[in-house]
Amino acid sequence: MESNEIIGQVDLIREVFSYLHRFRGKTFVIHVDYGAVDDARLPSLVQDLVLLHQAGIRILLVPGARQRIDEVLTRYNIPWRRERGIRIASGDAIPFIKMAAVDVTNRFMTLLSAHHTNAVVGNWVRARGIGVVEGIDFEHAGVVERVQLDLVRSTLDQGIIPIFPCIGWSVSGKPYNISSRELALRIAVSVEADKLFFITDRMGISGADFAVPEGVELGPDKRISRLSVEEARDFLRLNGLAERELGRLGTGAAGVSLENGSVTSGYHEGERETLEFVRLAYLAAGVNVNRVHIVDGSQDGVVLVEVFSNLGVGTMIHANVYQSIRPMKSEEVPKVLTLLQPLAEAGVLIPRTSEDVLARYQDYVVHESDGRLHGCGALHEYAGGEAEIAAIAVDPAYEELGIGRRIVLYLIEMARERGLRGVFVLTTQTADWFESIGFRRVAPGKLPEEKRRRYDLDRNSVILYLKLT
């Protein structure tokens, strides 16, 4: 095996172990949409969930049963219809709805049992009927009123995975058909979950299908890998949702009109469902769920990749604390040099020693994600109200996430807040990239005198300048 391959495997093992330590004892709510439930890869997905459970992560499962319920009602000629994306059926349909929901939960029970993992289906959800809204009687369709946390936590403490069917019961014991997606949201918020997964039968959000807020980076496959809460809100607004359609916790699905296309009439059903997942993720991350992941359950190992790697394969909606650019600490010099070294060896950056970086460490900022440094940059000020943006480096494994661009924009904003007249960069291989941000090529005479004296003619760097005032 080549030495580079060995190093890559060692780095991967280290990353996995760091995440294992961090997530032990944490709580993940896993919603599996029926498209993923009815996929041939479901056994592999359940096996991965068992691995998380065995690693000490507390798992709560919420299977979707929408299509299965539709199939059962149709097979037995039970009348039903949808209004505002909500199934309306009479009391005669409830036994069949319960049968279909239990059938789906039993698939998970069977697969978990095969891996010697204990699970239990419980009636931990209190619900109330939606009632009559704008003249429409929603009959036995309900919304979540409360999750019985004491019973759920007791189940988790015993090392048992709780499974929640899409049925809730009123105080008097009346059953209601509830949305499994809304249920997953309410559970995640109630237990203050560290992660909420929406496992679907399609990839994350594609920028090719939707309007994308300014500043949101797309990967090579046009996938939006992550959105902050604010970016998720902007995304929803750009794609047709007014403030009232964004919803709020406790309103239930009756107040939302995504499924029937009244708000997003320009999109097909799959795209409307994607918007609904983003809406629910926006609500969860905006309250107390750190990260919400929308991933494709048909991809083998998708949950493990999302949990044990920052790269991911879906779309993550996160609280603002996730992606943080902050001042560098002096003790982080070795980590920053690790980022800089490969680019220096490739001739992209000038070589720097630990003494060089330490002497000016207060000029540096770093991008930290989950306790790991994935990027760095520096802002060196000169007399005359100008500064140089330098030492921009990003871990190659994370380049597609737009970290470098965010660091540069952060440094530009720092310079602007300090009242500087402009910023410049010297580069040999990334001039086009800086020009895309707004920099323009200038002659060496534009450099501050101190920098001009040290300009390396042999290196022949391109000089780019951005005027701030």
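The values are calculated or read from the model by the stated rules, or taken from the named source; none is laboratory data. Just so we're clear, the structure is a prediction, and the values are computed from it rather than from any experiment. Cβ sites come from the backbone with ideal geometry, for glycine too, and all protein chains shown count toward neighbours.
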### Query
If ARG452 passes every condition in (1) in contact (Cβ under 8 Å) with a residue 12 or more places away in the chain; (2) in contact with a helix residue (DSSP H, G or I) (Cβ under 9 Å, 6 or more places away or on another chain); (3) surrounded by 12 or more Cβ atoms within 10 Å (Cβ to Cβ) but one, which one does it miss?
(1)
### Query
For the range 432-444, does any single residue satisfy the condition of being crowded, with 18+ Cβ neighbours inside 10 Å and in contact (Cβ under 8 Å) with a residue 40 or more places away in the chain?
no
### Message
I need the full set of residues from the range 90-119 which are farther than 21 Å from TYR34 by Cβ and not in a helix (DSSP H, G or I), in order please.
### Response
SER90, HIS115, HIS116, THR117, ASN118
### Message
I'd like to check something: does the range 457-469 contain any residue that is surrounded by 10 or more Cβ atoms within 10 Å (Cβ to Cβ), free of Cβ contacts under 8 Å to residues at least 24 places away in the same chain and either in contact with a Gly (Cβ under 7 Å, 6 or more places away or on another chain) or hydrophobic (A, V, I, L, M, F, W, C) (or both)?
### Response
no
### Task
Mind listing whichever residues of the range 190-212 are modelled with pLDDT under 90, surrounded by fewer than 21 Cβ atoms within 10 Å (Cβ to Cβ) and under 16 Å from the mean Cα position of the chain (by Cα)?
ARG202, MET203, SER206, GLY207
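Could you identify the single residue in ARG244, ARG233 that is charged (D, E, K, R), at pLDDT 85 or above and in the same structural domain as LEU304 (by TED's automatic domain parsing)? Step through it out loud before you land on a result.
Numbers: ARG244 fails: at pLDDT 85 or above.
Selected residue: ARG233, the only one of ARG244, ARG233 that is charged (D, E, K, R), at pLDDT 85 or above and in the same structural domain as LEU304 (by TED's automatic domain parsing).
Looking only at the range 394-405, decide whether some residue is without any contact (Cβ under 8 Å) to a residue 24 or more places away in the chain, assigned by TED's automatic domain parsing to the domain that holds ASP356 and more than 26 Å from the chain's Cα centre (by Cα).
Looking only at the range 394-405, we keep the residues that are without any contact (Cβ under 8 Å) to a residue 24 or more places away in the chain, and these are 399.
Pick out the ones that are also assigned by TED's automatic domain parsing to the domain that holds ASP356 and you get 399.
Those still in the list that are more than 26 Å from the chain's Cα centre (by Cα) too: none.
No.
With among the small types (Gly, Ala, Ser) and free of Cβ contacts under 8 Å to residues at least 12 places away in the same chain as the only criterion, which of GLY142, GLY131 stands out?
Values: GLY142 fails: free of Cβ contacts under 8 Å to residues at least 12 places away in the same chain.
Matching residue, one of GLY142, GLY131: GLY131.
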### Query
Is there a residue being surrounded by fewer than 20 Cβ atoms within 10 Å (Cβ to Cβ), over 25 Å from the mean Cα position of the chain (by Cα), under 28 Å from GLU306 (Cα atoms) and hydroxyl-bearing (Ser, Thr, Tyr) anywhere in the range 73-84?
no
### Message
Given the options GLY375, GLY385, name the one that is closer than 13 Å to LYS467 by Cα and modelled with pLDDT of 90 or more.
### Response
GLY385
### Task
Please note which strands (runs of 3 or more DSSP E) are completely contained in the range 157-216 and include at least 2 residues that are more than 20 Å from LEU52 (Cβ to Cβ) and in contact with a strand residue (DSSP E or B) (Cβ under 8 Å, 6 or more places away or on another chain).
167-169, 175-177
